[in-house]
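Asks: First the structure, then my questions, so here it is.
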Amino acid sequence: VFAESQLPDQASEIEKRRFDEGQGGVLTPVMCVDKLPSEIGSFADLVQESQSTGQNWDIMFAAVLSGRAGVAPASEAAEQAFKKMIDAIHQGAVSSFLAFNRAGELLQFS
């Protein structure tokens, strides 16, 4: 799930300053991508592909779905997982996901 950091409505001056310094803000999911590991060459490839959508994003949240007996999960399972991830991001409950910035650096939230 790709998310964009935005300044919350009616932000205080402190929140605005922190946001301008690259901290704080509200994370809004803007797009989802369902890919098998074999479909991702590198993080740079994924960033380049995302740029073709024209959608801005700041953070990519990653999670893994396991399959069964060597078979990848069905698309329906991925859709359900995306909905749960999006809900979790809206609630700020992101500790169970890997999060990366556009440079591919692993992020840690406090």
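Asks: Here is a list of conditions, (1) surrounded by fewer than 16 Cβ atoms within 10 Å (Cβ to Cβ); (2) touching a residue at least 60 places away in the same chain (Cβ under 8 Å); (3) of a type outside the set (S, T, N, Q), and LEU65 meets all of them except one; can you say which number that is?
Replies: The failed condition is (2).
Asks: Taking ALA74, is it of a type in the set (Gly, Ala, Ser) and surrounded by 12 or more Cβ atoms within 10 Å (Cβ to Cβ)?
Replies: Details: of a type in the set (Gly, Ala, Ser): yes; surrounded by 12 or more Cβ atoms within 10 Å (Cβ to Cβ): no.
Answer is no for this residue.
Asks: Sticking with this one: Given the conditions (1) part of a helix (DSSP H, G or I); (2) under 12 Å from the mean Cα position of the chain (by Cα); (3) of a type in the set (A, V, I, L, M, F, W, C); (4) more than 21 Å from PRO8 (Cβ to Cβ), and given that ALA77 satisfies all but one, which numbered condition is not satisfied?
Replies: For ALA77, the exception is condition (2).
Asks: Something else about it: When region 1-47 is examined, which residues are found to be under 21 Å from ALA103 (Cβ atoms) and among the polar types (S, T, N, Q)?
Replies: Residues satisfying the conditions are SER5, GLN6, GLN23, THR28, SER42.
Asks: GLN6 passes all but one of (1) touching a residue at least 24 places away in the same chain (Cβ under 8 Å); (2) touching a Ser or Thr at 6+ places or on another chain (Cβ under 7 Å); which number fails?
Replies: Exception for GLN6: condition (1).
Asks: Identify, by number, the condition in (1) farther than 16 Å from GLY92 by Cβ; (2) polar (S, T, N, Q); (3) within 17 Å of the chain's Cα centre (by Cα) that GLN23 doesn't meet.
Replies: (1)
Asks: So which residues in region 28-49 are among the polar types (S, T, N, Q) and under 13 Å from GLY104 (Cα atoms), if there are any at all?
Replies: The answer is SER42, GLN48.
Asks: Let me ask you something else. Only one of VAL30, VAL94 is part of a loop (DSSP other than H, G, I, E, B) and either modelled with pLDDT of 90 or more or within 22 Å of GLN6 (Cα to Cα) (or both). Can you tell me which?
Replies: On inspection, the qualifying residue turns out to be VAL94.
Asks: Now for a separate question. If I ask for residues that are in a helix (DSSP H, G or I), in contact with a strand residue (DSSP E or B) (Cβ under 8 Å, 6 or more places away or on another chain) and touching a residue at least 24 places away in the same chain (Cβ under 8 Å), which ones from region 33-50 would you list? If you could, list the steps in order and put the result at the bottom.
Replies: Filtering region 33-50 down to residues in a helix (DSSP H, G or I) leaves 37-39, 43-50.
After this cut, where a residue has to be in contact with a strand residue (DSSP E or B) (Cβ under 8 Å, 6 or more places away or on another chain) as well, the list is 43, 46, 50.
Scanning region 33-50 gives PHE43, SER50.
Asks: Here's another thing I want to ask about it. As an exercise: evaluate ARG102 against (1) in contact with an Asp or Glu (Cβ under 9 Å, 6 or more places away or on another chain); (2) without any contact (Cβ under 8 Å) to a residue 40 or more places away in the chain and give the number of the one condition it does not meet.
Replies: Here ARG102 meets the rest and fails (2).
Asks: Kindly indicate the residue of region 51-62 that is within 12 Å of the chain's Cα centre (by Cα) and outside any loop (DSSP other than H, G, I, E, B) and also surrounded by the fewest Cβ atoms within 10 Å (Cβ to Cβ) among those meeting that condition.
Replies: Kept after step one, since they are within 12 Å of the chain's Cα centre (by Cα), are these residues of region 51-62: 56-62.
Right, trim to outside any loop (DSSP other than H, G, I, E, B) and you get 59-62.
Values: ILE59: 20, MET60: 22, PHE61: 21, ALA62: 16.
Per the criteria, the residue is ALA62.
Asks: Among the residues of region 21-46, what is the count of those that are surrounded by fewer than 16 Cβ atoms within 10 Å (Cβ to Cβ) and of a type in the set (Val, Ile, Thr)? Reasoning before the result, please.
Replies: Within region 21-46, the subset surrounded by fewer than 16 Cβ atoms within 10 Å (Cβ to Cβ) is 21-23, 28, 31-32, 34-45.
Now drop any that are not of a type in the set (Val, Ile, Thr), which leaves 28, 40.
Qualifying residue count, region 21-46: 2.
The values are calculated or read from the model by the stated rules, or taken from the named source; none is laboratory data. Because the structure is predicted, anything quoted here is derived from the model rather than measured. For neighbour counting, all protein chains shown are included, and Cβ atoms are generated from backbone atoms with ideal geometry for every residue, glycine included.
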